[in-house]
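Shown next, in structure tokens, is the structure this report addresses.
The values are calculated or read from the model by the stated rules, or taken from the named source; none is laboratory data. From a predicted model like this one, the values you see are computed outputs, not experimental measurements. Neighbour counts run over all protein chains shown; Cβ positions are idealised from the backbone, glycine included. Accessible surface areas use protein heavy atoms only, side chains included; no ligands, DNA or RNA. Shrake-Rupley method; radii C 1.70, N 1.55, O 1.52, S 1.80 Å.
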Amino acid sequence: MLGCGNVGSQVARILLHDADALAARTGARLELSGIAVRNIDARRDVELPRELFTTDASALVTNADIVIELLGGIEPARTLILSAIEHGACVVTGNKALLAADGPTLYEKADAAGVQLSYEAAVAGAIPILRPIRDSLAGDKITRVLGIVNGTTNFILDQMDSTGAQFDDALTEAQRLGYAEADPTADVEGHDAAAKAAILASLSFHTRFALENVHCEGITSVTAADISAARDVGFVIKLLAIAEKLSVPAGMVPFDGGTEGANVPSDGGTEGVSVRVHPTLLPREHPLAAVRGAFNAVFIEAESAGELMFYGQGAGGTATASAVLGDVVSAARRLVLGGPGRTETTTGQVRALGIDAVQTSYCIGLDVADQPGVLARIAQLFAERQVSIETMKQTIHRDIPASTSRTAAGTEANVTAGSAELRIVTHRASEAALAATVQAIGKLDIINSVTSVLRVEGV
């Protein structure tokens with residue numbers, strides 16, 4: 001095993017304490033031959049035999065049947081995994097950053113060597129989601145995946161929704177409870193969820209998507225006012241990882257790199273997959289809207305199976321160790337019974353689409369002058385760009401002091417005393433049309449600021 005942090009120490013504990021039960025499930029006894037760490041004397045959550053520890057990771061991976069990589073990061077994890085594969089070892093990893101950045105190289109090397117590369121723990125902690133997508137739904141066609149795959153951001157948004165807390169206060173509480181790191185950037189900026197989105201998309205659509213194919217927005221621009229406005233109209237805000245198959249009309253090629261080749265529908269357009277992470281408004285009756293605290297959930301839509309949801313602990317040492325051990329048992333069974341390693345299945349026939357290919361509904365927050373004709377001028381700009389307004393709510397800010405909030409771009413915007421707040425929800429529109437509309441509205445002299453732009457799903 002490489003690494004012995006929160007997850008690794010629990011994996012080691014289970015391997016040692018439940019050895020008899022694991023042997024019965026695999027048909028052979030699993031022996032933990034060594035644990036590579038940077039500091040043998042570091043304090044750990046679980047007391048483990050000192051003789052298991054070594055600082056020589058390179059030597060350890062060349063003499064194992066199964067290598068469990070729990071170091072995280074790109075290097076030295078990548079080099080050690082490739083060395084393990086070269087020496088014929090099956091690999092179990094929870095390293096979503098590495099898989100999103102350089103997964104294709106690892107998959108190809110594992111295929112060529114005939115070994116198994118497993119990574120259930122890389123997405124959604126204890127939730128068994130990758131094996132069901134790869135195996136149980138192998139005979140179906142997945143059309144859409146929506147996931148709450150980051151517990152830190154879900155806790156923060158849930159606190160803002162349930163208690164009315166501001167973003168900074170909810171983040172501080174998440175850090176106090178251990179749900180957020182001292183440096184929460186990877187979580188709150190959406191990078192962690194984006195890495196998991198790339199993995200989910202790759203398995204769901206049998207095509208290798210990398211991190212650069214994922215459109216990524218975090219939650220730092222979400223304000224208490226956004227949360228309150230969403231609640232007033234029956235919505236909740238969640239950070240969603242979304243991967244969906246779309247048909248792009250002929251002549252429109254908003255590709256975002258990715259694989260070569262593409263399917264061509266009968267209308268002359270092109271099929272592709274949009275992979276994105278961003279704050280999203282969901283109706284409160286949607287199953288994902290009820291996911292509270294630091295829990296994770298993944299919602300899948302498939303042609304034959306219909307709608308499926310997987311829910312559970314998205315992080316934590318013991319919970320994630322469960323996913324790691326499931327992969328270890330699978331790899332051990334293969335070694336006992338023989339046969340090729342089981343990896344991902346790819347066809348390379350689906351293109352990665354840029355965010356401009358997406359069509360969805362939107363909720364736009366505006367701070368505007370409280371004067372006659374404002375609504376008409378704004379509505380005209382929407383109509384000119386073929387963005388249809390579904391609902392519009394106005395709140396007058398008379399006799400209140402000016403306040404400051406974040407804009408959709410993360411900068412500060414003043415809510416002006418004597419102004420009005422508009423919340424506009426649109427019908428489905430293209431990302432390009434919406435962006436052009438917001439840009440035009442922002443130039444009007446009656447607009448103090450565009451306070452937020454949020455996408456809407458599930459309607």
Test: residue in segment 150-161 that is more than 30 Å from Leu246 (Cβ to Cβ) and polar (S, T, N, Q): yes
Meets criteria (surrounded by fewer than 17 Cβ atoms within 10 Å (Cβ to Cβ), over 14 Å from Val149 (Cβ atoms) and not β-branched (Val, Ile, Thr)) for Glu244: no
Residue selected from segment 193-221 under the condition surrounded by fewer than 24 Cβ atoms within 10 Å (Cβ to Cβ) and β-branched (Val, Ile, Thr), by the criterion nearest to Ala294 (Cα to Cα): Thr220
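So if I check each of Arg208, Arg231, which one is part of a helix (DSSP H, G or I) and either in contact with a helix residue (DSSP H, G or I) (Cβ under 7 Å, 6 or more places away or on another chain) or at pLDDT below 95 (or both)?
Values: Arg208 fails: part of a helix (DSSP H, G or I).
That would be Arg231, the only listed residue that is part of a helix (DSSP H, G or I) and either in contact with a helix residue (DSSP H, G or I) (Cβ under 7 Å, 6 or more places away or on another chain) or at pLDDT below 95 (or both).
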Within segment 285-375, strands (runs of 3 or more DSSP E) holding 2 or more residues that are over 30 Å from Arg25 (Cα atoms) and in contact with a strand residue (DSSP E or B) (Cβ under 6 Å, 6 or more places away or on another chain): 295-302, 351-353, 359-369
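In this structure, does Ile68 turn out to be part of a strand (DSSP E or B) and either exposed (fewer than 12 other Cβ atoms within 10 Å of the Cβ) or at pLDDT 95 or above (or both)? Don't jump to the end; show me each part of the working.
Values: part of a strand (DSSP E or B): yes; either exposed (fewer than 12 other Cβ atoms within 10 Å of the Cβ) or at pLDDT 95 or above (or both): yes.
Considered against the rule, which asks whether it is part of a strand (DSSP E or B) and either exposed (fewer than 12 other Cβ atoms within 10 Å of the Cβ) or at pLDDT 95 or above (or both), Ile68 comes out as yes.
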The lone exception for Ile364 - which of (1) open to solvent by less than 50 Å² (accessible area, probe 1.4 Å); (2) of a type outside the set (S, T, N, Q); (3) at pLDDT below 90 it fails: (3)
Close pairs (9 angstrom Cβ cut-off, 6 or more residues apart or separate chains): under 17 Å from Ala170 (Cβ atoms) in segment 217-235, in a loop (DSSP other than H, G, I, E, B) and among the basic types (Lys, Arg) anywhere: Arg231/Arg284
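The rows are residues; the columns are (1) assigned to a strand (DSSP E or B); (2) over 30 Å from Gly147 (Cβ atoms); (3) modelled with pLDDT of 90 or more; (4) of a type in the set (A, V, I, L, M).
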residue	(1), (2), (3), (4)
Ile378	no, yes, yes, yes
Ala409	no, no, no, yes
Leu434	no, no, yes, yes
Ala440	no, yes, yes, yes
Conditions (1) at pLDDT below 95; (2) open to solvent by 10 Å² or more (accessible area, probe 1.4 Å); (3) assigned to a helix (DSSP H, G or I); number of the one not met by Leu98: (2)
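Scanning segment 385-407 for residues that are at pLDDT below 80 and more than 12 Å from Thr223 (Cβ to Cβ), which turns out surrounded by the most Cβ atoms within 10 Å (Cβ to Cβ)?
Going residue by residue through segment 385-407, those that are at pLDDT below 80 are 396-407.
Checking which are more than 12 Å from Thr223 (Cβ to Cβ) leaves us with 396-402.
Numbers: Ile396: 11, His397: 18, Arg398: 9, Asp399: 7, Ile400: 12, Pro401: 7, Ala402: 12.
Residue satisfying both the conditions and the ranking: His397.
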Residues of segment 29-74 satisfying the condition of being within 32 Å of the chain's Cα centre (by Cα), farther than 21 Å from Glu120 by Cα and without any contact (Cβ under 8 Å) to a residue 60 or more places away in the chain: Ala36, Val37, Arg38, Asn39, Ala42, Arg43, Arg44, Val46, Ala57, Ser58
Within segment 118-149, tally of residues that are open to solvent by less than 20 Å² (accessible area, probe 1.4 Å), in a helix (DSSP H, G or I) and over 20 Å from Glu244 (Cβ atoms): 3
The one condition in (1) more than 24 Å from Gly338 (Cα to Cα); (2) in contact with an Asp or Glu (Cβ under 9 Å, 6 or more places away or on another chain); (3) of a type in the set (A, V, I, L, M, F, W, C) that Leu71 fails to fulfil: (2)
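Could you please give the count of residues in segment 296-307 that are open to solvent by 30 Å² or more (accessible area, probe 1.4 Å) and without any contact (Cβ under 8 Å) to a residue 40 or more places away in the chain? Don't jump to the end; show me each part of the working.
Here is the first cut: in segment 296-307, the ones open to solvent by 30 Å² or more (accessible area, probe 1.4 Å) are 301, 303-305, 307.
Still in the list and also without any contact (Cβ under 8 Å) to a residue 40 or more places away in the chain: 307.
Counting residues in segment 296-307 that are open to solvent by 30 Å² or more (accessible area, probe 1.4 Å) and without any contact (Cβ under 8 Å) to a residue 40 or more places away in the chain gives 1.
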Residue tally, condition open to solvent by 50 Å² or more (accessible area, probe 1.4 Å) and of a type in the set (S, T, N, Q), over segment 22-61: 4
